[in-house]
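Enquirer: Below: one structure in structure tokens.
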Amino acid sequence: MTKFFVLTVTSAALLLSVGGAAAAQTTESPPTATVRYDDLNLSDSAGVDALQSRVHSAAQSVCQTDLNVRDLTRYALYRSCLRNAELAARPQQDRAIAEARALLLARDTLRQH
């Protein structure tokens with residue numbers, strides 16, 4: 001089974017990251033990134049850390065516009081978008097980790113019987 005979730009930047013975060021007027025005029029869907037985790041063992045901390053790193057990278061890719069760290073306002077908006085995107089992905093991450101740990105527990109329980 002392929003395991004992944006889609007990270008979507010919310011409209012509010014997108015409006016902040018691209019600039020209100022420009023983003024308000026667009027009818028495009030918000031940017032998304034697919035975060036795969038089928039190769040990770042989410043029942044251990046190394047797998048969880050790797051998933052968090054992938055989510056962070058995906059958030060960077062969907063929030064990245066023409067970032068210029070010298071433009072402090074734009075950089076602050078980028079950081080806000082990044083934080084919001086990662087927070088939006090948290091329930092999906094938590095669900096994937098819980099499912100992996102439940103599966104491990106079920107396997108261990110079956111082995112004991």
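Enquirer: Might you let me know whether region 2-10 holds any residue that is modelled with pLDDT of 75 or more and out of contact with any Lys or Arg (no Cβ under 8 Å at 6 or more places or on another chain)?
Expert: yes
Enquirer: To continue, here is another question. Which one is farthest from the chain's Cα centre (by Cα) among residues in region 33-86 that are among the hydroxyl-bearing types (Ser, Thr, Tyr), surrounded by 16 or more Cβ atoms within 10 Å (Cβ to Cβ) and at pLDDT 85 or above?
Expert: Just the residues of region 33-86 that are among the hydroxyl-bearing types (Ser, Thr, Tyr), to begin with: 34, 37, 43, 45, 53, 57, 61, 65, 73, 75, 78, 80.
So of that shortlist, the ones also surrounded by 16 or more Cβ atoms within 10 Å (Cβ to Cβ) come out as 37, 43, 65, 78.
Then drop every residue that is not at pLDDT 85 or above, which leaves 37, 43, 78.
Numbers: 37: 12, 43: 19, 78: 15 Å.
Of everything passing the filter in region 33-86, 43 is farthest from the chain's Cα centre (by Cα).
Enquirer: Within region 58-81, how many residues turn out to be assigned to a helix (DSSP H, G or I), touching a residue at least 24 places away in the same chain (Cβ under 8 Å) and either touching a strand residue (DSSP E or B) at 6+ places or on another chain (Cβ under 8 Å) or closer than 18 Å to residue 33 by Cα (or both)?
Expert: Just the residues of region 58-81 that are assigned to a helix (DSSP H, G or I), to begin with: 58-63, 72-81.
Within this subset, residues satisfying the condition of being touching a residue at least 24 places away in the same chain (Cβ under 8 Å) are 58-59, 61-63, 77-78, 80-81.
Imposing the further condition that a residue be either touching a strand residue (DSSP E or B) at 6+ places or on another chain (Cβ under 8 Å) or closer than 18 Å to residue 33 by Cα (or both) reduces the set to 58-59, 61-63, 78, 80-81.
Qualifying residue count, region 58-81: 8.
Enquirer: Can you list residue pairs whose Cβ atoms sit under 7 Å apart, with the first residue in region 97-113 being farther than 15 Å from residue 42 by Cβ and the second being modelled with pLDDT of 90 or more and surrounded by 11 or more Cβ atoms within 10 Å (Cβ to Cβ)? Count only pairs 6 or more apart in sequence or on different chains.
Expert: Within 7 Å, no pair qualifies.
The values are calculated or read from the model by the stated rules, or taken from the named source; none is laboratory data. As the structure is a prediction and not an experimental result, all values here were calculated from the model. Using ideal geometry, Cβ is built from the backbone for each residue, glycine included, and neighbour counts are taken over all protein chains shown.
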